[in-house]
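These notes are about the structure you will find just below.
The values are calculated or read from the model by the stated rules, or taken from the named source; none is laboratory data. Model, not experiment: these values are computed from the prediction. Cβ placement follows ideal geometry from the backbone for every residue including glycine, while neighbour counts extend to all protein chains displayed. In case anyone asks, the SASA skips ligands and DNA or RNA and just uses the protein heavy atoms, side chains included. Shrake-Rupley method; radii C 1.70, N 1.55, O 1.52, S 1.80 Å.
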Amino acid sequence: MPQALAIPPPPTPAPAPPRLRFGKLCVAIQGNSPAELFDRAESAVRHFKFIELRLDSLSKPANAFSYLKQFLGEHRDVTVIATCRRKSHGGGFDGPLAAQLDILTRAAQTGCQIIDLEVESAEQCKSAQLNKLRSAGAALLISFHDYSRTKGLDQAADRIEAFKPDFVKIVSTARNLVDNLAVLRVIEDHSLASHVVGIAMGEEGLVSRVLGPRAGAAFTFASFSEDTETAPGQIKAETLRDVYRLEHLDQATRVFGVAGNPISHSLSPLLQNAAFRREIVNAVLLPLKAKSAQDLLTLALELPLAGCAITMPLKTEVLPHLANMDPLTARIGACNTLRMGADGKLYGFNTDVAGVIRPLERRLRLKGARVAVLGAGGAARAAVFGLVEQGAEVLVVNRTHEHAVTLARQAKAKSLKHELLAKQRFDVIVNATPCGMPGSKQPLPLAENELNASLVFDLIYNPLETPLLKLAKSRGIPVISGLEMFVQQGARQFEIWTGKPAPESEMMRVVEHELRKRG
């Protein structure tokens with residue numbers, strides 16, 4: 001009889017990964033030593049039960065396992081991703097593939113519930129190596145990282161999905177706001193078949209970090225603190241939870257933005273998200289680093305945005321793209337607020353005017369009031385046009401007198417040479433110059449003998465008490481802080497966007513608290 005062919009036994013199927021518990025937010029943690037890594041992990045898990053341990057941040061990851069065993073034993077309610085990315089693929093581990101696989105296998109055997117293996121390493125693995133890793137008991141996440149651009153994301157997803165991992169992670173680098181759309185699209189396209197994580201790194205990629213789970217991503221990553229981010233543009237976990245309310249975002253959430261460059265220190269996200277929370281509005285406002293009006297407008301129309309706050313230089317650049325604008329915005333020639341209409345078109349408003357007028361109206365009758373506006377830039381322009389519309393007698397004062405003359409002529413106001421300021425008397429002096437801002441060479445926009453007014457309004461809100469306000473107070477002159485202007489322009493934006501009265505006291509409270517914290 002012919003000898004029967006020896007049929008090899010079928011490969012042993014990997015055990016099913018443990019039933020995973022994880023939220024929408026994973027806190028990424030790195031450290032220079034095992035002690036530092038696990039100190040930070042201990043701090044993080046007091047508030048967040050899903051973390052990533054970057055073992056590749058350690059010079060000798062193997063030294064972490066005694067710490068890891070103790071940590072996992074003490075925190076059975078915490079879900080941990082173990083990552084040990086090789087240097088050649090953007091990580092910190094400089095060992096060979098076999099050593100990387102050994103560390104990840106040991107991490108799984110010690111109790112980490114998910115292990116992250118980059119797709120390049122997966123493609124270099126022999127099937128026996130990959131099977132051994134899978135059989136270690138953890139769920140397998142295979143990741144792709146592009147540290148220079150956002151391109152070919154579907155092909156990257158296909159490369160990963162060929163391995164049938166438990167999680168597909170695709171990370172690119174955003175060069176502009178529109179790159180977020182590609183990341184959100186790949187999440188939407190692949191999330192039905194796989195557990196997908198999609199992120200665009202860099203400040204421009206913030207949209208993908210916050211809105212990824214809303215688009216169908218399994219979760220997103222955040223940093224433990226502002227100075228310990230493990231990837232460019234990573235947001236602090238507390239900010240994602242408390243300011244952007246990540247866990248509450250869903251398909252019905254309306255998305256707003258504040259756009260400009262630079263934008264990272266804007267207080268508008270804090271201001272508006274506090275207002276949305278207080279008034280139970282299902283919405284979120286995100287900072288958008290926009291290098292051009294066209295980049296912003298493409299995102300606005302395709303995401304779409306429900307509205308957007310605009311900073312310079314975009315205030316003038318968006319004007320040709322608006323379907324319509326209110327008459328004052330047209331006269332000023334600057335728009336600081338966009339609202340998306342039901343027709344999918346953008347409408348423009350200028351709430352800087354409300355920021356100046358509302359605080360003043362609460363203190364005096366503006367019709368016939370004599371007001372000096374110091375400066376001739378964008379903020380001065382909104383103040384002058386708004387005050388003239390209210391019937392005030394407005395005098396524009398600027399060190400370059402020609403600029404004052406031009407603005408006064410356009411707004412039907414008057415101009416006044418700076419050297420004549422001391423001989424005049426005003427109901428209000430409004431400072432719309434940068435004098436008194438951090439980094440400004442000149443702390444005061446005028447001399448003490450020129451402070452001849454019954455009320456002083458400084459449009460600068462950082463610092464809370466400017467040199468001008470201190471001087472006015474020392475002279476017994478009532479003052480209005482720029483914080484009030486900032487809150488009132490934001491309150492008007494909230495009303496335009498939601499149709500509801502703004503919770504002004506709550507908006508004032510959160511911004512003042514943050515400014516005092518920043519010192």
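Before moving on, here are some points about what is shown:
- Residues that are farther than 23 Å from Val178 by Cα, in contact (Cβ under 8 Å) with a residue 60 or more places away in the chain and of a type in the set (Ser, Thr, Tyr), drawn from region 191-224: Ser223
- Checklist (1) more than 19 Å from Asn273 (Cα to Cα); (2) part of a loop (DSSP other than H, G, I, E, B); (3) at pLDDT 95 or above; (4) within 36 Å of the chain's Cα centre (by Cα) applied to Gly476, failing item: (4)
- Any hit, region 27-48, residues being open to solvent by less than 10 Å² (accessible area, probe 1.4 Å), part of a strand (DSSP E or B) and not aliphatic (A, V, I, L, M): no
- Tally, over region 197-236, of residues that are under 18 Å from Ser266 (Cα atoms) and small (Gly, Ala, Ser): 3
- The number of residues in region 421-448 that are modelled with pLDDT of 95 or more, surrounded by fewer than 15 Cβ atoms within 10 Å (Cβ to Cβ) and of a type in the set (S, T, N, Q) comes to 0.
- Considering region 367-385, the residues that are touching a helix residue (DSSP H, G or I) at 6+ places or on another chain (Cβ under 6 Å) and open to solvent by less than 10 Å² (accessible area, probe 1.4 Å) include one that is nearest to Leu322 (Cα to Cα), namely Ala382.
- Within region 449-463, restricting attention to residues that are outside any loop (DSSP other than H, G, I, E, B) and over 23 Å from Arg516 (Cα atoms), the residue that is most open to solvent (accessible area, probe 1.4 Å) is Asn449.
- The lone exception for Gln70 - which of (1) open to solvent by less than 60 Å² (accessible area, probe 1.4 Å); (2) polar (S, T, N, Q); (3) more than 24 Å from Pro213 (Cβ to Cβ) it fails: (1)
- Listed by first and then second residue, the pairs with beta-carbon distance under 6 Å, at least 6 apart or on different chains, first residue in region 41-65 and under 18 Å from Glu118 (Cα atoms), second open to solvent by 10 Å² or more (accessible area, probe 1.4 Å) and among the hydroxyl-bearing types (Ser, Thr, Tyr), are Arg54/Thr230.
- Cross-chain or 6+ apart pairs with Cβ under 7 Å, region 95-109 first and within 15 Å of Ala122 (Cα to Cα) and free of Cβ contacts under 8 Å to residues at least 40 places away in the same chain, then open to solvent by less than 10 Å² (accessible area, probe 1.4 Å) and not in a helix (DSSP H, G or I): Gln100/Cys84; Leu104/Ala82; Leu104/Cys84; Leu104/Ile115; Leu104/Leu117
- Test result for Leu72, farther than 22 Å from Ile29 by Cβ and in contact with a Gly (Cβ under 9 Å, 6 or more places away or on another chain): no
- Region 320-414 holds helices (runs of 4 or more DSSP H) entirely within its bounds, and those carrying 1 or more residues that are farther than 19 Å from Ser481 by Cα map to 327-332, 378-389, 401-411.
- In region 168-183, the residues that are without any contact (Cβ under 8 Å) to a residue 60 or more places away in the chain and closer than 19 Å to Gly257 by Cβ: Ala174, Arg175, Asp179, Ala182, Val183
- The condition (being at pLDDT 95 or above, out of contact with any helix residue (DSSP H, G or I) (no Cβ under 8 Å at 6 or more places or on another chain) and more than 21 Å from Arg509 (Cα to Cα)) is satisfied by just one residue among Leu301, Leu296: Leu301.
- Take the conditions (1) in contact with a Lys or Arg (Cβ under 8 Å, 6 or more places away or on another chain); (2) among the small types (Gly, Ala, Ser); (3) surrounded by 17 or more Cβ atoms within 10 Å (Cβ to Cβ); Ala323 misses just one of them, which is (3).
- Residues being without any contact (Cβ under 8 Å) to a residue 40 or more places away in the chain and open to solvent by 30 Å² or more (accessible area, probe 1.4 Å) - total across region 464-480: 8
- Scan of region 481-497 for residues that are touching a residue at least 24 places away in the same chain (Cβ under 8 Å) and either open to solvent by 70 Å² or more (accessible area, probe 1.4 Å) or not in a helix (DSSP H, G or I) (or both), ordered by number: Arg492
- Condition met for Lys500 (in contact with an Asp or Glu (Cβ under 6 Å, 6 or more places away or on another chain) and open to solvent by 50 Å² or more (accessible area, probe 1.4 Å)): yes
- Residues (assigned to a helix (DSSP H, G or I) and open to solvent by 30 Å² or more (accessible area, probe 1.4 Å)) located in region 187-201: Glu188, Asp189
- Look at region 395-416: where a residue is crowded, with 17+ Cβ neighbours inside 10 Å and a partner is among the basic types (Lys, Arg) and assigned to a loop (DSSP other than H, G, I, E, B), sitting 6+ places away or on another chain with Cβ atoms under 9 Å, you get Val397/Lys417; Ala404/Lys417.
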